[in-house]
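Data block below; observations after.
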Amino acid sequence: MRRLYTSFLSVSLLALNTAAFANESVQKGSQDPKQWVMQAGNYANTRYSTLDQITKNNVAKIVPAWSFSTGVLRGHEGAPLVIGDVMYVHTPFPNNVYALDLNNDGKILWKYEPKQDPNVVPVMCCDTVNRGLAYADGKIFLHQADTTVVALNAQTGKVEWSVANGDPKRGETNTATVLPVKDKVIVGISGGEFGVQCHVTAYDIKTGARVWRAFSEGPDDQIMVNPEKTTSLGKPVGKDSSLKTWQGDQWKTGGGCTWGWYSYDPDLNLFYYGSGNPSTWNPKQRPGDNKWSMTLWARNPDTGEAKWVYQMTPHDEWDFDGINEVPLVDQKIDGKDRKLLVHFDRNGFGYTLDRVTGELLVAEKFDPAVNWATKVDMDKSSPTYGRPLVVAKYSTEHNGEDVNSQGICPAALGSKDQQPAAYSPKTGLFYVPTNHVCMDYEPFRVSYTPGQPYVGATLTMFPAPGGTNMGNFIAWDATKGKIVWSDSEQFSVWSGALATAGDVVFYGTLEGYLKAVDAKTGKELYKYKTPSGIIGNVMTYQHKGRQYVAVLSGVGGWAGIGLAAGLADPHAGLGAVGGYAALSNYTALGGTLTVFALPE
Amino acid sequence: MSVVTDIVEKHPNRRAGKVCLALSVFTLCAVFGLVGAAKADSGPATPGEDGKYTDASGDPTYNIDKDGKTDWYTYSGFRRYHSECHVCHGPDGMGSSYAPPLKDSLKRLSYTDFLAVVAQGRKNLENGQEKVMPELGLNKNVMCYIDDIYIYLKARSDDAVARGRPPDHEAKPKAWQDAQDSCMGAPS
């Protein structure tokens, strides 16, 4: 992680705009800690900043310096960007974009208001969130709810190009940011609850022309694997590696969506992401491993070809949608320097892999409540190597249709959803926002209609046994697969974390608190209640010598749906009502950006 | 679309009958008030011969015995609600940050109002709201079970069933199974 320590303070905005290679503007920008040029802070997705004006010793003194209302009520995920002296703020649907002048108290330089068909709104499974903008080569990239990818001139807000990546009438929508790499923009798609055959697509960064598209399931040419060269757990995947694992042409409505986070290693020239749940949620209706849903992918951004794949949850039976972020770190394992990739999956296992080869190094539960599998088989000579060992009692496939499988941990929203973790190279620890929620799950028959939900399961969620807290914020050692400390939270932690060189870690809570904790111990150092619940990600930047920490509040998303009324305990017996805290007693809707700093 | 909506609009006082949507690929029959000429005697729930109950005005309703055992439709409605509606309307009809609590809506809405909103959808785009109730009239996973969902929500609305899964239910009636098979297509 040496790169992160080097600062490039001399890089000016002008230099960024005239960079010879598209990825240079992103890479250099992310090495300048004063800016925040991509959602994850850097290509490695560590969400770590070398800024150290705010430290664990003075963070208790920070105060809101300024704030900005986005004018939109729905759930606010993602974070603003800072490029030079301009901050770029996005909103959920209708996906407005504001450019704010940091030299002029956040005056609005320009505003972009897309016109989208409101019929896209009900096709988005879980609120109309958007996880933010990207920047490269003087352009701001917005991937709208209706799957239109737009390149805006960063200075004027003028549309330079736009392209439709999918069709909302078929249930194809978007909530994710995009990844600019070299001369391309790489984008994913949502629609796992609508039977979409999901894919990643690369567009030319200058023109928006489509360069390649790689599906998560289907024939080899569609999924862009090379049967001899693409490997899984060290072996070539072979011919028809996906087709063989589906009944008939069910792969055509197979899901495996790609709405999560993308990381990139410039030295290996590989980008990494996870594919989501197979459609439908009724496992009985789609026999087979359903490859390559629920898979970690390493692809070459130039050609789209996959170098390796690893399927975490073959034949998903719980909606453990595998799209969470894939941060890249260099750490020692057994005394040896390794290029690692770390992934906290919805299924409750924290995975550490060699990102060069895809070799599985660590797979351990990051929430002790996880019970659907005893462990991941790490024995290379075993026929089930790399597979989770599923507990029959919690197997909705085993128990079958119209049977309510009870007490499965985690719930479908996972031990962790998309809310991204941060990593500090100073402590060598990951800081992970988690859910501590279990479920009953009953699959039943559904039929597929294009553009209509294709779910096929009923589920009931409740806090994990033994307590009433629905979340934890944990520190994780990915080289050992161990929790180092854990702070309990009343609600699921649905906000992305930020780690800084000041030895502080920030995150938000669903009640609306921005919290700062000690990176070493997890001790709470500061909290402030923002106007609404936080499902956005914390970011930091420096302007005119002052370090700022910013976060979007605005409750919503899955959390706003599942937790608004409070969870009930289905096992508490007849007549138990609203057993657990209702989020609606703590916070109400409304999008606001709050920016914190030390007093002047 | 909107064979269903047409019928709902043209026959707002329809008591019983079967609505079939002729689509290019399949025929969708939503079974509305299948019980037919139920006797409109007093008491909230009149049993039909097929395990389905109706109220005094002939609209479908729930039945819960003294031990808390529900009719099959209430139970089936619980399942379908939590598959098709709860991602917006919240668990147990309790509402979310996005869509209203149907538990309360059904205190106001009649059976036909309910069918109309579900089949036609509704938009509310004023004042920073971005609320869209989708048009579900062509969705078999909803329309084949629309009475079940209504019955379940009616029971929630009257506080006749608690939050969560109804603890016990009557057996699956054959008429229900037959209606499902003809509506959804036979199991593959």
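The values are calculated or read from the model by the stated rules, or taken from the named source; none is laboratory data. For clarity, every value in this text was computed on a predicted model and none was experimentally measured. Please note: Cβ atoms are built from the backbone with ideal geometry, for glycine as well, and neighbour counts cover all protein chains shown. Note: areas computed on protein heavy atoms with side chains; ligands, DNA, RNA excluded. Shrake-Rupley method; radii C 1.70, N 1.55, O 1.52, S 1.80 Å.
Assorted remarks:
- Placing +1 on the Cβ of every Lys and Arg and -1 on the Cβ of every Asp and Glu, with no other charges, gives segment A:24-597 a dipole of roughly 940 debye about its Cα centre.
- Taking the Kirkwood radius as Rh and the Cα radius of gyration as Rg, the protein assembly as shown has a ratio of Rg/Rh equal to 0.97.
- Within 10 Å of each Cβ in B:78-91, the average number of Cβ atoms from other chains: 6
- Per residue, the average separation of C-alpha pairs within less than 8 Å and at least 6 apart gives chain A a relative contact order of 14 percent.
- Among the listed pairs A:56/A:482; A:332/A:375; A:365/B:103; A:61/A:523, those beyond 27 Å (Cα-Cα): A:365/B:103
- For segment A:138-145, 3J(HN,Hα) computed residue by residue from phi via the Karplus equation (6.51, -1.76, 1.60; θ = phi - 60°) reads x, 10, 9, 9, 10, 10, 6, 4 Hz, glycine and proline entered as x.
- When chains A and B come together, the accessible area they lose, probed at 1.4 Å and totalled over both chains, is close to 3500 Å².
- Cβ crowding within 10 Å averaged over residues, with A:517-523, A:241-247, A:109-115 ranked highest first: A:241-247, A:517-523, A:109-115
- Amide proton proximity set for residue A:70, modelled H, under 5 Å, gap of 5+: A:591, A:592, A:593
- R0 of 25 Å, Cβ-Cβ distance residue A:65-residue A:155: FRET efficiency to nearest 0.05: 0.50
- Calculated from backbone phi, Karplus (6.51, -1.76, 1.60) coupling profile of segment A:485-493 in Hz, x at Gly/Pro: 8, 8, 9, 7, 10, 4, 10, 3, 8
- Taken one residue at a time, the phi angles of segment B:158-169 give Karplus couplings (6.51, -1.76, 1.60, θ = phi - 60°) of 8, 6, 7, 10, 7, 4, x, 6, x, x, 8, 8 Hz. Gly and Pro are set to x.
- Pairs from the list A:244/A:307; A:235/A:339; A:158/A:182; A:244/A:339 with a Cα-Cα gap above 29 Å: A:244/A:339.
- Solvent-accessible surface of chain A, taken per residue with a 1.4 Å probe and all protein chains present: 31 Å².
- Averaged over the residues of peptide B:135-148, the number of Cβ atoms from other protein chains lying within 10 Å of each residue's Cβ is 3.
- For residue A:361, residues with placed amide H under 5 Å, excluding near neighbours: A:352, A:353, A:354
- Mean separation of Cα contacts under 8 Å (6+ apart) over length of segment A:37-107, as relative contact order %: 22
- For the pair segment A:294-340 and segment A:391-461, the centres of their Cα atoms are 19 angstrom apart.
- Simple rule: put +1 on each Lys or Arg Cβ and -1 on each Asp or Glu Cβ in segment A:167-250, find the dipole, and look at A:250, A:181, A:192; the Cα lying farthest toward the positive end is A:181.
- Whether segment A:400-476 is rounded, prolate or oblate, judged on the alpha carbon gyration tensor where a/c under 1.5 counts as rounded: oblate
- Under-5 Å amide H pairs with residue A:139, H placed in peptide plane, nonlocal only: A:154
- Note: relative contact order over segment A:246-361, using C-alpha pairs below 8 Å and six or more positions apart, is 22 percent.
- Peptide A:41-50 has a mean shielding of 0, counted as Cβ atoms of other protein chains within 10 Å of each residue's Cβ.
- Zone residues, segment A:384-422, relative to residue A:235, backbone N less than 17 Å from point 7 Å out along Cα-to-Cβ: A:384-388
- For the protein assembly as shown, calculated [θ]222 nm from helices alone, where every DSSP H run of n ≥ 4 adds -39500 (n - 2.57): -3500 deg cm²/dmol
- Positive-pole candidate from A:62, A:39, A:134, dipole of segment A:17-149, charges at beta carbon: A:62
- Computed lengthening from residue A:104 to residue A:480, 0.36 nm per intervening residue step minus Cα-Cα distance: 130.6 nm
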